[in-house]
Every structure is written in structure tokens, then in C-alpha cells.
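To keep things clear, I will list the structure first and then write my remarks on it.
The values are calculated or read from the model by the stated rules, or taken from the named source; none is laboratory data. All of these numbers come straight from a predicted model, not from anything done at the bench. So basically every Cβ, Gly included, is an ideal-geometry build from the backbone, and we count neighbours across all protein chains shown. Calculation scope for accessible area: heavy atoms of the full protein, side chains included, ligands and nucleic acids excluded. Shrake-Rupley method; radii C 1.70, N 1.55, O 1.52, S 1.80 Å.
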Amino acid sequence: MKKYVHAKQVNADRNAHTLRGQYELSQATKEYDSTRRQELHDGFYNTEQWKKISAYVKSRDGYVDAVDGRLWDDGELIVDHIIPRRLLPKGEQLDTSNLLLLTRAQHNHKTSVEKKLSENVLKHASRDWWRNVLCEKLF
């Protein structure tokens, strides 16, 4: 399996250096974003207000992730909503008490867990609850 995964990664890296590979990647990304990441297309994450709040949360938390307590570079961290943004009224989507810092891997793990939970559970999840869930090992 490791050999297969390595060969697949080498092939993807090789394709990324060709015009056709870059085009196919951009098309796949657009398709993924438009079908599975709809929240990216409403412009929320591109607003000046979100950018300022995101920078504030990173500064407030000292560029330390909420799960492991490790220090990271700015580009390695994602400001994430504890209660998903889609479940919040518009006025609460920028509430800094509902935001925490996660690494990309932690964010991806949280997103996959969120897909398996009901809206009721997600609405009542706390920072500490997510910390405990994300600290559990995947394997």
C-alpha cells in the first residue's frame, strides 16, 4: 500500500509540473469547491472583516493551536468556527468566542467528524469538547 501511495504522489507531483496537469488540478479544485465547499463561494472568508478577525484570533492565541498547544507559522493555522458557521445567525458568525486555531490536519479531522454529527450535537459542542475529540488518535 505504501508503494502505491508513494507512486501516486510521485505521479501527481510530475503532473503538477505540466500545463495539462496544472489545468486538470485547477478544474478538479473548482469542481470540489463548488460542490463540496459551498461556503467558500459566498465571499465570507474573503471579506476584510473576516481577515481582520482571523488575524486577531491568531494574535490572541499566540499562533498556538487549540489542540496540542504547539506554536505554528501564520500559514499553517486555520481560524475555525467551533459551532459551524452554517448553523449560526449572520450576526454571530464573527463572534471571536466561537473561533479557535487549528492546523490544517486538525481542521480536516474536525471537518470529517462534523459530517458524522447531527446539527443538535454541533450546536452544543464547546471548545473543550472539540479539543478532547481532536486529541483522540485516529488509529
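Taking only protein heavy atoms and a 1.4 Å probe, what accessible area per residue, in Å², does the chain have with all protein chains in place?
Heavy-atom accessible area per residue stands at 72 Å².
Put a dot 7 Å past each Cα toward the Cβ at TYR56 and LYS2; how far apart are the dots in nm?
Between LYS2 and TYR56, the simple spin-label model gives 4.7 nm.
Once you've got the Cα coordinates, tell me which of LYS52/LYS90; LYS8/LYS110; LYS58/LYS110; LYS30/LYS115; LYS30/LYS116; LYS2/LYS30 are over 23 Å apart.
Checking Cα-Cα distances, LYS8/LYS110; LYS30/LYS116; LYS2/LYS30 exceed 23 Å.
State, as an integer percentage, the relative contact order of the chain based on alpha-carbon contacts under 8 Å between residues 6 or more apart.
20 percent
Taking only Cα atoms and a 10 Å spring cutoff, compute GNM fluctuations for the chain and point out the largest among THR47, THR103, THR29.
Most flexible of the set in this elastic network: THR29.
If you line up the long axis of helix 2-16 against the longest principal axis of the chain, both from Cα atoms, how many degrees apart are they, to the nearest 10?
The angle comes out at about 80 degrees.
Say we join alpha carbon atoms closer than 10 Å with springs in a Gaussian network model of the chain; which of TYR45, TYR56, TYR23 then has the biggest fluctuation?
Answer for the Gaussian network model of the chain: TYR23.
Within 10 Å of each candidate Cβ there may be at most 15 other Cβ atoms; applying that plus a DSSP loop requirement, which GluC sites (Glu not before Pro) in region 71-139 survive?
Filter output for region 71-139: GLU136.
At a 1.4 Å probe, what is the % contribution of carbon and sulfur to the accessible area of the chain?
Summing carbon and sulfur atoms, their accessible area is 53 percent of the total for the chain.
Quick check: net charge around GLU92, other residues with Cβ under 13 Å of its Cβ, Lys/Arg +1 and Asp/Glu -1?
+3
Kirkwood Rh, region 1-123, all Cα pairs: how many Å?
Value: 16.8 Å, from the Cα pair sum.
At a temperature of 37 °C and a viscosity of 0.692 mPa s, determine how fast region 55-139 diffuses translationally according to Stokes-Einstein, using the Kirkwood radius over alpha-carbon pairs as Rh; express D in µm²/s, rounded to the nearest whole number.
Translational diffusion coefficient: 249 µm²/s.
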